Amino acid sequence: MDSISLIGMASVITAGLTIGIGAIGPALGEGRSVAQALSSMAQQPDEANRITRTLFVGLAMIESTAIYAFVVSMILLFANPFWDHVVSKAGG
Amino acid sequence: MGFIEFIELAIGFELSALVRRRKNRMDLMDMKDISPDQVIFWQWGPVSINATITFTWLVMALMVIGSWLITRRLSADVRLSRWQNLLEVVVDGIRKEIREISQQEPDAYLYFVGTLFLFILISNILSIIPGYVAPTSSLSTTAGLAVCVFAAVPVYGILRRGLRGYLRQYIKPTPFMLPFNIIGELSRTLALAVRLFGNMMSGTKIVAILLAITPLIFPIVMHALGLLTGVIQAYIFAVLAMVYIASATRIQEQKKDNQEEEKGEDS
């Protein structure tokens, strides 16, 4: 197998694995934090505003882990430096 | 090959090229581009104007001219224009948020944090206009904003607590924590940049991918979700900037409060 198809295959498979595995942890974390926020809002409806605001900030911080995985997989798919290098070498 | 077939083939090629060109003009960004930096409008030698620069200046011009037009005729009367009312609500809301987060008077931080928030908010919300690409979906813009926060933290810290007081917080629990504090400062800047970039880029990318798969309803839903994400990300960027600045400026006052409490208890 030549290096172009090897690098292409590795990039595609790794991109899928990256976003697939990388989404597990943030999903669990977001589920836990939303459940906790809902139960505390049910206990203290007066504090709902503050809890919601903190929840949104926390969710965005948790979600950024998944976003990092997404960025890496997008780089692997669309802006892969190894792929560009091999293609430019093969072309020129 | 017959002549008619050849003509048909040529027309087909021409049509497909036309469609492709038209699609590029409509979308501005190809599916393969992950950053509006790659869309170049105008080039002259080494100088090039790409989509990021264009739309950043567009947003800045919109904000400056808009607020100049509104604040040109301010009234302290009970009767005020609706635009002045809008600006007062926005500025007052930002001041209230800053006061709540930093537990300090918001005037010193209003300009920096409020400008960050409004710039990111407007550049994210304007992505509802077709043909516009949010400048925040380019890593260069978000890195620039994050570097601004990175520089603003020591400036505010030194202004508020003096050079020694600011530098002392790096060896706060023990001097062994010095490298970790410095790494933390750098990594949170990186996280700030990549978080905003990733969220905005994923919004546009998901819409582009869905347009290719299910072009009927789903892209609209995801676009609405992208707008919500844009607003939340603008809020979060500003809140995190405020939290970082507040953590660099606050510690001394807490210590003073504690000392006063101890004194009060002693006497």
Residue among A:LEU76, A:LEU28 that is aliphatic (A, V, I, L, M) and under 26 Å from B:PHE237 (Cα atoms): A:LEU28
Residue hits (segment B:205-229; touching a residue at least 24 places away in the same chain (Cβ under 8 Å), more than 11 Å from chain A (Cβ to nearest Cβ) and not hydrophobic (A, V, I, L, M, F, W, C)) are B:HIS223, B:GLY226
The listed residue being part of a helix (DSSP H, G or I) and either in contact with a Leu (Cβ under 6 Å, 6 or more places away or on another chain) or touching a residue at least 60 places away in the same chain (Cβ under 8 Å) (or both), out of A:ALA66, A:ALA37: A:ALA37
Given the conditions (1) touching a Pro at 6+ places or on another chain (Cβ under 9 Å); (2) of a type outside the set (A, V, I, L, M); (3) at pLDDT 85 or above, which single one is not true for B:ASN50? (3)
Tell me which of these B:PRO173 doesn't satisfy, since it passes every other one: (1) assigned to a helix (DSSP H, G or I); (2) free of Cβ contacts under 8 Å to residues at least 60 places away in the same chain; (3) more than 20 Å from B:THR52 (Cα to Cα). (1)
Residue check: is B:ILE236 part of a helix (DSSP H, G or I), within 14 Å of chain A (Cβ to nearest Cβ) and free of Cβ contacts under 8 Å to residues at least 12 places away in the same chain? no
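The values are calculated or read from the model by the stated rules, or taken from the named source; none is laboratory data. Given the structure is predicted, the values throughout are model-derived calculations rather than measurements. Note: ideal-geometry Cβ built from the backbone for every residue, glycine included; neighbour counts use all protein chains shown.
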